[in-house]
1. Between residue 347 and residue 475, what FRET efficiency follows from the Cβ-Cβ distance if R0 is 22 Å, with the result rounded to 0.05?
2. Among rounded, prolate and oblate, which fits region 397-501 when a ≥ b ≥ c are the square roots of the eigenvalues of its C-alpha gyration tensor, a/c under 1.5 means rounded, and a/b larger than b/c means prolate?
3. If you build the Cα gyration tensor of the chain and take the root of 5 times each eigenvalue, what three semi-axes come out, in whole angstrom, biggest first?
4. Nearest 10 degrees is fine. How inclined is helix 47-57 to the longest principal axis of the chain, computing both from alpha carbons?
5. Kirkwood Rh over Cα pairs of region 74-176 into Stokes-Einstein at 20 °C, 1.002 mPa s: D in µm²/s?
6. So, in nm, how far is label residue 489 from label residue 268 when the simple model puts each one 7 Å beyond its Cα toward the Cβ?
7. Based on the mean of other beta carbon atoms within 10 Å per residue, what is the order of 267-279, 487-499, most packed first?
8. How much FRET efficiency would the formula 1/(1 + (r/R0)^6) give for residue 225 and residue 100, where r is the Cβ-Cβ distance and R0 is 30 Å, rounded to 0.05?
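Laboratory data are not the source of any read-out in this text; all were calculated from the coordinates shown. Small disclaimer: the values here were computed from a predicted structure and weren't measured. For neighbour counting, all protein chains shown are included, and Cβ atoms are generated from backbone atoms with ideal geometry for every residue, glycine included.
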Ligand code: ADP
Ligand code: MG
Ligand code: ZN
């Protein structure tokens, strides 16, 4: 009988973790007790441990189906560094490597074997010779043609349950709506599986939305506050990935562009150099990210508005897998909305796509907690403010905005309802640029009426007026602004308007960033040591130790091996392998200080 005490012990011994994350323990116990399970847990929630731990607890070899070589390699590397015998098998490997894996498999030397669904047929004959402990299907949403990463070979996995009726089958995914969940259960023949649904909430992700103006400047200022950190900038087009990269390179940042137009080789190299901390910044289209388990992505920026909330959440989900804080900035502009709407033209499901875009836009314009809005979208109803988004950090104050609204409306009126938001703002602020002067707008009555207000604030107020139905925007006519009947009631009947002050950008407040104290110097030393070890072992740095482990090490400053073992993320094997190096680095640091 395997008890909680035993599984906890295994968790500490092999993975170095002192406690389970939410739901992990229940899933582990179900699998160990022979039950089929379907687990829906957000990215970074800790799905791997849920099948790796049972694989260690049960006799025999676990078969793990995984869609991408990069993912398999990463997980196998991580297992091997923890001293667990594992291997992966796929068609791209050399025959000699494949044969060696097969030999180990036949001798029962592997606790886990990872295989791509396409290679399963080749491997299947060996399964009848070996003792199978369990079957795990990772990224199980690939099974469903409803999902976004559909893989035909995943639909051929149904025979596994027939061949191994008494072995637990465990499916895992971060993204599956109701229909996809049913599809997974049906196709895997595990209709009686226990479904474990975790909250979508990822508390360590900080959410912020900023106006999409002067973006490069905003980004470089942001990057300067976080040197050496890894992050991803998502752009709408291939062209803009190149442009943004060039600009960042010019300002001295190590960034590379990534998109589906590059050769497979090139894309692989870029991905590798990101994973290995050689290139910290990737500027990419949404083609980038699937198959990246890098745990120390510290920020994600959306240069453009994403098409829908699903995409947004998946992309920001690539940050902070190690559980440490990750920063997310979304740049919001009406120009992007116009562009994205154009893309839907002619699509058979254009209405559906536009509805999704509308929800995305509502999120970007939210004046209340963004996380509540996000979780609501996924059907989770939270009421407590998260205190980890820009709106919570700087809640709007409401004020009587009647006069301000009148000024904006009268400018729209004077401009004959022909001009876009940008021009309306320029005119109200009394801008002297060529477009304004060229049209003679310096002569109209509302010119310069709001010259003391910042561009961004005024833009934010106009968005609120759009949302309140005071103004209307014609997307297909260059985004010109029009007055609605409500605007007339405000202009001529003194109908009152309430407006909210725009959220402030928290980033400007440096207080949440660690200063260059002696503490972060030690962290830096530990990072350098980690890189050196990783390089020699030819694995990504985060496979040696996660950022979270280094932080714990920095805080506790272990002096002995037994203290070293107490650090989160350090199991038996890693303690044996690495304690010497890290203990002496910490000791040297302490004596330098003294
Ligand atoms: P997922 O597959 O759900 O996206 P992973 O299995 O890759 O997530 O785990 C994400 C990170 O969390 C990894 O760095 C992993 O080592 C860490 N982790 C998993 N379980 C625990 C735990 N119980 N305590 C601390 N860290 C954990
Ligand atoms: Mg995973
Ligand atoms: Zn919030």
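1. On the way: r = 15 Å, r/R0 = 0.70.
Efficiency at R0 = 22 Å is approximately 0.90.
2. Numbers: a/c = 1.60, a/b = 1.36, b/c = 1.18.
Prolate shape, in that a/c is at least 1.5 and a/b is the bigger ratio.
3. On the way: eigenvalues 484, 163, 94 Å².
That gives 49, 29, 22 Å for the three semi-axes.
4. The angle comes out near 10 degrees.
5. Values: Rh = 14.7 Å.
Rounded to a whole number, D works out at 145 µm²/s.
6. 6.4
7. 267-279, 487-499
8. Values: r = 47 Å, r/R0 = 1.58.
The value I calculate is 0.05.
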